[in-house]
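The values are calculated or read from the model by the stated rules, or taken from the named source; none is laboratory data. All values reported here derive from a predicted model rather than from experimental measurement. In this analysis, Cβ positions are derived from the backbone assuming ideal geometry, glycine residues included, and neighbour counts consider all displayed protein chains.
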């Protein structure tokens, strides 16, 4: 089955080479970071988590978002998602792999990472996050490969895989809930200290994950004979729309609580992110652009002519994905550190090397995704179009 | 009344009783709080509980510190003397870039040390006072709660300590600390600065230097307490008595006597961390 990944068009190989190139640059930068220490990045004692952890947080969402196709297929027996379910599972594998790489890139002492297992600490949410992420990775590898293997052999998958498929559904919710718990259980960080953080994470995940999935499906439709079908596409658009609305509704709730209660701690970070605090406003253009992109995406998703046209729908999906990426992959983590506990403002700008490493992890994720999708689609097309 | 409806009412009644009784039963089960309900009994108008978090129950030793800000204000240079004593004894490297600097104890103005207090219409003197800030060795330390490897832990004397060899450098503790008291070694602390000067001017061989990629902070001089010495900063203050260190749980200790007589404040008490560092202003 794996041999399917070794035969492809020149476009396929060019794409692989581009990814490998970015990975090479990132690996070079990582060696430098490893030798110098994390001072190689733009992080500081005040903003002690940067791009790595923010990408990690966002990607946990993308991984969890895959459940939006897995759940209807397995729980509601929604056969229309049959072709896309495997794509959702493989997207989860690639995303969790990226999450784990980002965590490793962020550790000051990466060689000691296994201390988390040697000294298991039940009161640490990071310990639980490690458990749920690796568990989710395993579940998706098992379910994805077993189902695909069966299809490849032309048999029906063995019955034992079903419990794993069902388990993966609540497990997907758990990965993003526990990831939210990393942040929302810290008494001194008001921006994160909100019970709605886990729901916010889930809403943005259920919009961003399927948006990326559908966007990839649209590309596949143009470049290969693989088509997920009109009905599945429309259903996904509906799911994405509801999740996106919920996401922006939750964001609005944060604004209300912050500004109506007038509590300084609740307003500071919102001020910093959307208006600037004491003259520091580096993230303001990003956050406002995120709102703009989100608004464009909602217009596309609500206008029948625009969402029925693959091109405009694609634009809408990209807008939504980047809106959510800025909101969670930048603002949420970086903003939470401003102002610092002593109410000084330190801004964070990632270093060039740090950005290269970040891009390289994304490239690795996309490489995993490309190989997995290549195999899956080759198998499916082979069986369906003799 | 037909049977179904009567059954329903029975179940509803039972559930209501269970609903009322269950929390009490659970409390008794988990916390052994039987006496709590007896307390309010005789005094009808008394509030049923304190608005505050649970009262700290003394168990074993709990070391703490009282910092007299007036004295730091009176004796010029005392703040720097404390910082230098601490940093040289503990081999804290001197990075000049504030973004990556390491510090265990340092001075801050009032509005940054006490961010949740009002700064409106305070006397000028207050704003000029140096407030020594450091790890609060919280009784309910968020950093200890979040550490995935127990590299940061509370010892039996109530001191929050670091195991530099176990720390994986995830910096979760830095995100968790509400006081900004933790520092990370962003690069090799044993190295040299841009001008070729060693970052640790004179190494104290009795205390370990650290490696890059681990977190560190004030350790209440656990290594000195263990051999009967005072913390380095307290020693630096000497006869000024600007800092008083001792066991908060020992009613006869000097620190307990001072706390009994003087009005003191703690940093961010609303967070429930129960800091062990107190300030006289």
Subset of the stretch B:64-91 [outside any helix (DSSP H, G or I) and touching a helix residue (DSSP H, G or I) at 6+ places or on another chain (Cβ under 7 Å)]: B:64, B:66, B:75
The one condition in (1) farther than 26 Å from residue A:101 by Cα; (2) part of a loop (DSSP other than H, G, I, E, B); (3) under 22 Å from the mean Cα position of the chain (by Cα) that residue A:350 fails to fulfil: (1)
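Which residues, taken from the stretch A:33-42, are touching a residue at least 24 places away in the same chain (Cβ under 8 Å) and over 12 Å from residue A:352 (Cα atoms)?
Let us first name the residues in the stretch A:33-42 that are touching a residue at least 24 places away in the same chain (Cβ under 8 Å), namely A:33-34, A:37-38, A:40-42.
Correct list: A:34, A:37, A:38.
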Evaluation of residue B:241 against (1) touching a strand residue (DSSP E or B) at 6+ places or on another chain (Cβ under 8 Å); (2) more than 14 Å from chain A (Cβ to nearest Cβ); (3) farther than 23 Å from residue B:92 by Cβ; (4) at pLDDT 95 or above (one fails), failing number: (4)
Residue within the stretch A:123-131 that is in contact (Cβ under 8 Å) with a residue 24 or more places away in the chain, more than 14 Å from every other protein chain (Cβ to nearest Cβ) and under 30 Å from residue A:323 (Cα atoms) present: no
Sole residue being over 25 Å from residue A:93 (Cβ atoms) and at pLDDT 95 or above, chosen from A:241, A:179: A:241
Any hit, the stretch B:137-150, residues being in the same structural domain as residue B:89 (by TED's automatic domain parsing) and closer than 25 Å to residue B:236 by Cα: yes
Residue selected from the stretch B:229-248 under the condition touching a helix residue (DSSP H, G or I) at 6+ places or on another chain (Cβ under 6 Å) and not in a loop (DSSP other than H, G, I, E, B), by the criterion farthest from residue B:106 (Cα to Cα): B:246
Selection status of residue B:276, crowded, with 18+ Cβ neighbours inside 10 Å, free of Cβ contacts under 8 Å to residues at least 24 places away in the same chain and away from every other protein chain (no Cβ under 14 Å): no
Residue match in the stretch A:156-178 (condition: within 14 Å of chain B (Cβ to nearest Cβ), under 22 Å from residue B:148 (Cα atoms) and in contact (Cβ under 8 Å) with a residue 12 or more places away in the chain): yes
Inter-residue pairs, beta-carbon under 8 Å, first in a helix (DSSP H, G or I) and in the stretch A:1-12, second exposed (fewer than 14 other Cβ atoms within 10 Å of the Cβ), 6+ apart: A:11/A:223
